[in-house]
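**Q** This is the structure I want to talk about, given as structure tokens.
Bear in mind these aren't lab numbers, they're just calculated from the coordinates by the rules spelled out. Note that the structure is a prediction, hence the values are computed from the model and not measured. Counting neighbours? That spans all protein chains shown, and the Cβs are built from the backbone with ideal geometry, glycine included.
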């Protein structure tokens with residue numbers, strides 16, 4: 001099957017590394033009021049070019065659909081306006097203020113409303129922006145548990161666009177990525193729903209695993225036929241890969257024959273024996289092994305022309321050279337960069353437009369000395385051990401200070417694209433309600449100043465509601481770090497919780513300002529019993545207020561209040577378990593509390609709040625989470641996601 005290529009992302013993603021200005025919103029002082037519909041009759045038509053690209057055509061159909069839902073009128077889509085006033089969609093020309101890439105404008109000229117994009121995708125952004133200004137809200141993808149309440153579409157029989165002048169929008173961070181992660185709860189249907197939502201929040205790239213864990217269950221090939229056309233229809237970029245040296249060279253290939261015939265291709269463990277383990281990095285000093293891996297990786301990209309960025313990362317938890325005799329192989333940083341340089345050259349031969357990404361992570365966090373990285377290679381910086389007690393650039397927080405210094409070192413060393421792999425939702429959080437919209441703003445401002453050209457986060461349908469506000473804030477802040485977060489949260493709580501919005505806002509503030517500091521979140525500081533008891537009291541108060549507010553709401557808003565009470569219920573159980581451990585309660589007593597938490601999660605596994613893998617799996621994971629000494633000192637292993 002052939003997939004057309006979309007290369008418009010290059011204008012946005014591979015920018016020069018001069019400091020990135022904050023997102024620009026320009027209002028020209030020319031007021032206007034355009035009445036789009038009245039009494040169920042459309043007064044405007046929607047006009048596209050005769051050769052409209054798929055994203056522009058989609059923008060027109062989405063406008064017609066949503067404007068119709070708002071006003072009750074039928075809006076027609078044409079290629080000429082005729083005598084009717086028109087909403088005109090088109091790609092930018094030089095005369096349009098040099099709009100390029102994802103930049104777009106909303107302009108009033110006479111009785112015409114112009115939506116102009118620097119790319120086909122940007123035309124779609126402009127259409128969704130206009131609809132948002134008319135009252136629509138895109139709160140989440142249309143996952144099944146939302147039961148149709150994933151968005152807000154107002155009803156206005158007299159529909160008008162009130163303009164205080166032209167609007168020009170440009171992103172602060174060029175590439176804004178949603179990573180499907182381990183895809184523990186995605187299927188083809190939910191992936192389609194995700195893809196439909198992403199451009200509404202101005203995400204522009206989706207990252208998929210080539211083959212997560214080598215199991216064959218979570219892999220791009222399982223979805224590409226169904227999902228790639230949906231992405232390309234919206235002009236969204238496709239990134240594929242992840243932790244994957246082992247996908248292209250492993251001891252298990254050909255039922256183990258590769259290892260039997262070529263043991264010298266594989267790395268040695270601490271006993272200096274050649275290892276079959278997938279996380280032991282292959283012998284990169286062996287030219288045949290390197291050629292085998294590069295041939296397979298290049299072939300993979302060649303056979304999938306839809307891939308615009310290919311991620312080739314070392315295995316998660318990579319063991320690079322445990323045998324002392326292998327120190328001559330070089331540092332992990334040197335080995336990764338040398339391999340990347342060779343593969344980048346290969347990909348240029350495969351086809352133009354295919355770019356390589358590596359990660360700055362774990363033992364390969366820093367740029368290597370004595371070897372430079374190909375300037376076309378993207379570096380994704382991964383602060384896995386970030387403490388959410390303080391912003392990423394906080395010099396007083398050791399982990400964060402180390403990461404900030406390392407990222408700046410990469411910025412000085414590498415002239416090419418640099419990305420930040422954020423952890424604003426983590427598997428290691430175990431669906432704990434870590435809501436951080438204001439915290440994210442502080443991080444985003446710093447990332448935009450570094451500057452980075454790319455930024456990513458990831459999510460799962462199963463606990464999307466828990467991190468829904470984070471996903472919303474990420475989209476807004478990656479576009480413009482100066483977004484009014486207070487207004488964003490206020491609009492969100494009013495939409496989601498209705499008459500219970502004030503109580504819900506207090507609960508969200510408690511989760512961000514108190515629970516963020518006291519929850520069993522990896523790499524947080526230790527807490528005293530008194531601090532944990534105080535956090536439990538605050539959470540209990542918020543939970544009681546929410547329970548009391550249930551009678552004020554109904555329908556979807558009542559369901560959302562229920563979901564928020566479950567989030568608070570989990571947070572309350574979490575801090576009580578920690579308090580029991582810190583006080584020295586018996587392991588049996590602590591284990592009983594953990595088991596009760598697991599049963600609570602299981603009872604609400606289909607509500608969009610908790611990622612549950614079943615009682616037996618959950619029980620083991622949560623018992624390990626709370627029985628490790630690292631929880632008390634704020635560390636829960638080295639779990640990447």
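**Q** Write down the percent of antiparallel bridges among all DSSP beta bridges whose residues are both part of the chain, to the nearest 5.
**A** Around 40 percent antiparallel, to the nearest 5.
**Q** What do you get for Rg/Rh of the stretch 236-377 when both radii come from the Cα atoms and Rh is the Kirkwood radius?
**A** Result for the stretch 236-377 is an Rg/Rh of 0.96.
**Q** Further, regarding this structure: What value in Å³ per residue do you get for the convex hull of the alpha-carbon atoms in the chain?
**A** It is 161 Å³ per residue.
**Q** Output needed for the stretch 308-387: three equivalent-ellipsoid semi-axes, defined as square roots of 5 times the C-alpha gyration tensor eigenvalues, in descending order, whole Å.
**A** Semi-axes (√(5λ), whole Å): 23, 16, 11.
**Q** Using only alpha carbons, build the gyration tensor for the stretch 32-78 and give me the equivalent ellipsoid semi-axes, biggest first, whole Å.
**A** Numbers: eigenvalues 85, 25, 14 Å².
After scaling each eigenvalue by five and taking roots: 21, 11, 8 Å.
**Q** If I take all pairs of Cα atoms in the stretch 452-524, what percentage of them are more than 17 Å from each other?
**A** Values: 1450 of 2628 pairs.
When all Cα pairs of the stretch 452-524 are counted, 55 percent exceed 17 Å.
**Q** For residue 525 and residue 328, what is the calculated FRET efficiency with R₀ set at 51 Å and r taken between the beta-carbons, to the nearest 0.05?
**A** After rounding to 0.05, the efficiency reads 0.80.
**Q** Just the Cα atoms of the stretch 302-343: what Rg and Dmax do they give in Å?
**A** 13.7, 42
**Q** Another question, then. If packing is taken as the mean number of other Cβ atoms within 10 Å per residue, what is the order of 336-349, 80-93, 436-449, highest first? Don't skip to the answer; put the middle values down first.
**A** On the way: 336-349: 19.5, 80-93: 16.1, 436-449: 21.3.
Result, highest mean first: 436-449, 336-349, 80-93.
**Q** Could you give the length gained on full extension between residue 69 and residue 490, defined as 0.36 nm per residue of separation minus the Cα-Cα distance, in nm?
**A** Details: separation 421, 0.36 × 421 = 151.56 nm, distance 2.45 nm.
Answer, rounded to one decimal: 149.1 nm.
**Q** Okay, next question. If you restrict to DSSP beta bridges whose two residues both lie in the stretch 24-170, what percentage is antiparallel, to the nearest 5? Intermediate results must be reported in sequence, preceding the final value.
**A** Details: 23 of 33 bridges.
So the antiparallel bridges in the stretch 24-170 amount to around 70 percent.
**Q** Follow-up. Per the Kirkwood treatment, what hydrodynamic radius in Å, one decimal, follows for the stretch 24-170 from the mean inverse distance over all distinct Cα pairs?
**A** 15.5
**Q** Something else about it: For the stretch 531-574, how big is the tail of P(r) above 12 Å, as a whole percent of Cα pairs? Don't jump to the answer; show the numbers that get you there.
**A** On the way: 543 of 946 pairs.
Every Cα pair in the stretch 531-574 considered, those over 12 Å come to 57 percent.
**Q** Any idea what the relative contact order of the stretch 328-381 is, in percent, if you count C-alpha pairs under 8 Å spaced at least 6 apart?
**A** About 44 percent, as a whole number.
**Q** Relative to the present Cα-Cα distance, how much length would full extension add between residue 276 and residue 548 at 0.36 nm per residue of separation?
**A** 92.1 nm
**Q** While we're looking at this one, here's another question. Above 14 Å lies some portion of the pair distances; for the stretch 361-411, what is it as a whole percent of all C-alpha pairs?
**A** Considering the stretch 361-411, 53 percent of its Cα-Cα pairs are separated by more than 14 Å.
**Q** I would also like to ask the following. For the chain, what's the relative contact order in percent, using C-alpha pairs closer than 8 Å and at least 6 residues apart?
**A** 13
**Q** In 5 Å bins starting at zero, report the fraction of Cα pairs in the stretch 275-353 per bin as a rounded %.
**A** Binned Cα distances yield the sequence 3, 13, 25, 24, 17, 11, 5, 2, 0.
**Q** Given an 8 Å cut-off on Cα distances and at least 6 residues of separation, report the relative contact order of the stretch 24-170 as a percent.
**A** After rounding, I find 35 percent.
**Q** Calculate I(q)/I(0) for the stretch 162-220 by the Debye formula, one identical point scatterer on each C-alpha and no solvent, and give its log10 at q = 0.25, 0.26, 0.27, 0.28 Å⁻¹ to two decimals.
**A** At q = 0.25, 0.26, 0.27, 0.28 Å⁻¹ the computed log10 ratios are -1.06, -1.11, -1.14, -1.18.
**Q** Based on DSSP H runs of at least 4 residues, each adding -39500 (n - 2.57), what is the mean residue ellipticity at 222 nm of the chain after dividing by all its residues, to the nearest 500 deg cm²/dmol?
**A** -12500 deg cm²/dmol
**Q** Once you have all Cα-Cα distances for the stretch 496-632, histogram them in 5 Å bins from zero and send the whole-percent values.
**A** 2, 11, 19, 20, 20, 15, 9, 4, 1
**Q** Could you give the spread of the C-alpha atoms of the stretch 206-267 along their three principal axes, from largest to smallest, in whole angstroms?
**A** 47, 18, 14
**Q** Give me the Å³ per residue figure for the convex hull around the C-alpha atoms of the stretch 157-303.
**A** In the stretch 157-303, the Cα convex hull volume per residue is 177 Å³.
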